[in-house]
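Q: Can you keep this structure in mind? I'll have questions shortly.
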Amino acid sequence: MLTKSLNITRGIVFAFIRNCHNKSSCTDSATIKHELELTRNRKKPPGGSRFLKDKNNIYLFNAWDNVQWDEEQEKAAKEKVEQNSEVTLSEDRLKDLDINADKHWDAFYDIHQNRFFKDRHWLFTEFPELAPDYTAAPERVYPNENDNTTSQIEKPTDQNIGAKRLIFEIGCGVGNTIFPILQYSTDPNLFIYGCDFSSKAIEIMQQNELYDTKRCNVFVLDATCDTWNVPFEENTLDIIVLIFVLSAIDPSKMQTVIKNIHKYLKPGGLVVFRDYGLYDLAQLRFKKGRCISDNFYARGDNTKVYFFTQEEVSKLFKDAGFLEEQNLIDRRLQVNRGKMLTMYRVWIQGKYRKPL
């Protein structure tokens, strides 16, 4: 029986032979051995610096950063979305998705418990503000727009040492963001709040051995309500985390959420945002009959998901009075090196500051 590593190695060999079939020098054993050596014991580059400059090398890593799409790929994605965007859901079906949204998420967590989502250890590369005292995370590297060079983003320094730091995550699920922050940050003045629409998710999180009431407090909240019932005052939070959660909310209710976020952040407070972008793999995989409205879909488990453009994200926050510090489109190419599959992901990432 082949092991997983041997399967991956075999896949890489076949890939190099396939990609180089018109180049006889690429198929000799010495070349294949050299290419395989490049994949062994390779040191992971800094965050966001694995750039695919030669498609023949696609299987050297299992992910590539800041992948550029050509017009043909963009056109194919647009056509796919046009095909799956016909709204065929009945009024009763749409009503059920809305009224029973909390029950659908409870069912999701009842099935998956804490096994579905992985802890987000990448948080401190993308959002070092969450744990400025954690200095071991890889630093994020972004490509410069007008040339082929890259620039490294400096990590923030905590200017108010000894001051209370309050972080609030909306849509905390079972703790895949909160627990890594608590693990990597040793700041004794840090306290994290979290909320989720699903009471089942909160129950699972509170039963986790990492849940420490001295450092965090999680509770059930429907963030789309006009008025929030929360254990903190307005204008008190340093950071609000909004990661892959706004996409689960009906677009007509998103502005209400953003306005309340603005209300509870302190002046100078920060929102860190990351969510699905238009033409992400998840959107292209939808079949006909799952579309609720433009770029808004119902998954098979009855949870919902929206796919954003950069312009939409920018407008949502600016209309609520935020200053935009970051708004970027993160295109990743994920590679299954064993099955030789390529998967294109598209995420929107932003940082928004409440004015002083």
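Q: Which residue out of VAL257, VAL241, VAL245 is crowded, with 18+ Cβ neighbours inside 10 Å and at pLDDT below 95?
A: Criteria check complete, one pass: VAL245.
Q: I need the full set of residues from the stretch 175-218 which are part of a loop (DSSP other than H, G, I, E, B) and within 13 Å of VAL245 (Cβ to Cβ), in order please.
A: ASN176, THR177, PHE197, SER198
Q: While we're here: Name the pairs: first residue in the stretch 177-191 and touching a residue at least 60 places away in the same chain (Cβ under 8 Å) and more than 14 Å from GLU129 (Cα to Cα), second residue surrounded by fewer than 19 Cβ atoms within 10 Å (Cβ to Cβ) and aliphatic (A, V, I, L, M), Cβ to Cβ under 7 Å, at least 6 apart or on different chains?
A: So the pair list comes out as PHE179/LEU210.
Q: I've got another one for you. If I go through the stretch 317-336 residue by residue, how many of them are small (Gly, Ala, Ser) and exposed (fewer than 15 other Cβ atoms within 10 Å of the Cβ)?
A: So the count comes out to 1.
Q: Moving to a separate point now. Can GLY289 be described as among the small types (Gly, Ala, Ser), in contact with a Leu (Cβ under 9 Å, 6 or more places away or on another chain) and assigned by TED's automatic domain parsing to the domain that holds ALA223?
A: yes
Q: Here is a further query. State all residues of the stretch 327-356 that are touching a Phe, Trp or Tyr at 6+ places or on another chain (Cβ under 8 Å), part of a strand (DSSP E or B) and under 22 Å from LYS315 (Cβ atoms); if no residue qualifies, say none.
A: LEU328, ILE329, ASP330, ARG331, VAL346, TRP347, ILE348, GLN349, GLY350, LYS351, TYR352, ARG353
Q: Continuing with the same structure: If you take the residues in the stretch 98-126 that are more than 30 Å from SER293 (Cβ to Cβ) and at pLDDT 65 or above, which one is surrounded by the fewest Cβ atoms within 10 Å (Cβ to Cβ)?
A: Only one residue tops the list, namely HIS121.
Q: Quick check on the stretch 257-312: of everything there that is part of a loop (DSSP other than H, G, I, E, B) and β-branched (Val, Ile, Thr), which residue is nearest to ARG331 (Cα to Cα)?
A: The residue in question is THR309.
The values are calculated or read from the model by the stated rules, or taken from the named source; none is laboratory data. As the structure is a prediction and not an experimental result, all values here were calculated from the model. Positions of Cβ are generated from backbone atoms using ideal geometry, with glycine treated the same way; all protein chains shown enter the neighbour counts.
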